[in-house]
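Undergrad: Quick one: the structure is below, and I'll ask about it shortly.
We did not get these values from a lab; they are worked out from the coordinates using the rules stated. The structure presented is a predicted model; accordingly, all values stated were derived computationally and were not measured. We place every Cβ from the backbone using ideal geometry, glycine too, and count neighbours over all the protein chains shown.
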Amino acid sequence: SGDGGADGNAGDGAPIANTVLRFTDINGKQVTTTTDGRGYFRISLRGLKAPLLASVQRDNKPWKSLLVTDIVRAPANRRFDTINLTGLTDVVASELAQREGPANPQALTPAALNRQNAQLPAVIAALKNGIREQIDAAGLNLDTFDP
């Protein structure tokens with residue numbers, strides 16, 4: 001039908017293995033998948049509408065990631081998006097949640113993400129600037145690095 005999907009990894013120094021990931025769209029529809037032993041997952045996002053909020057449990061706390069681009073594509077343009085869940089993606093989600101109101105990362109919902117979407121570039125820029133030395137030390141390009 002032209003719908004796409006996603007794959008990626010959950011981890012931060014070590015894989016978040018054999019753990020359920022939940023993807024929730026702007027309309028409240030949810031799909032789940034489980035990471036493998038290396039933290040990898042692959043999932044169909046058929047019928048979901050962006051923005052999406054992805055969450056995985058790490059140390060008994062939900063870590064978040066997000067996808068703000070539209071998922072539904074014309075049949076010729078179907079694609080898979082990469083959605084990784086790490087400490088950095090959780091920082092981005094937490095910062096957006098704080099801009100929404102209460103300083104509570106669990107307060108971030110797809111609807112809140114939709115309202116805060118314009119703030120996303122500033123949040124990412126601030127994070128990248130804050131870890132500039134680490135990005136440089138890793139030999140990565142600051143301009144193309146996407147937390």
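Undergrad: If you keep only loop residues by DSSP, which chymotrypsin sites (Phe, Trp or Tyr not before Pro) in segment 17-58 have at most 10 other Cβ atoms within 10 Å of their Cβ?
TA: none
Undergrad: Something else: May I ask you to list the lysines whose Cα is less than 29 Å away from that of Lys29, ignoring any residue fewer than eight positions away on the same chain?
TA: Lys49, Lys61, Lys64
Undergrad: If we sort 134-144, 26-36 on the protection proxy, mean other Cβ atoms within 10 Å, highest first, what's the order?
TA: Result, highest mean Cβ count within 10 Å first: 26-36, 134-144.
Undergrad: Here's a follow-up. Contour minus end-to-end for Ala14 and Asn129, with contour as 0.36 nm per residue of separation and end-to-end as the Cα-Cα distance?
TA: Length gained, Ala14 through Asn129: 39.0 nm.
Undergrad: Separate question: Quick check: pseudo-label points 7 Å beyond the Cα along Cα→Cβ at Asp146 and Arg38, how many nm apart are they?
TA: Each label point lies 7 Å from its Cα, and together they span 2.1 nm.
Undergrad: What do you get for Rg/Rh of segment 84-147 when both radii come from the Cα atoms and Rh is the Kirkwood radius?
TA: We get a ratio of 1.01 for segment 84-147.
Undergrad: Between Ala118 and Ile26, what is the FRET efficiency for a Förster distance of 22 Å, r being their Cβ-Cβ separation, to the nearest 0.05?
TA: The value I calculate is 0.90.
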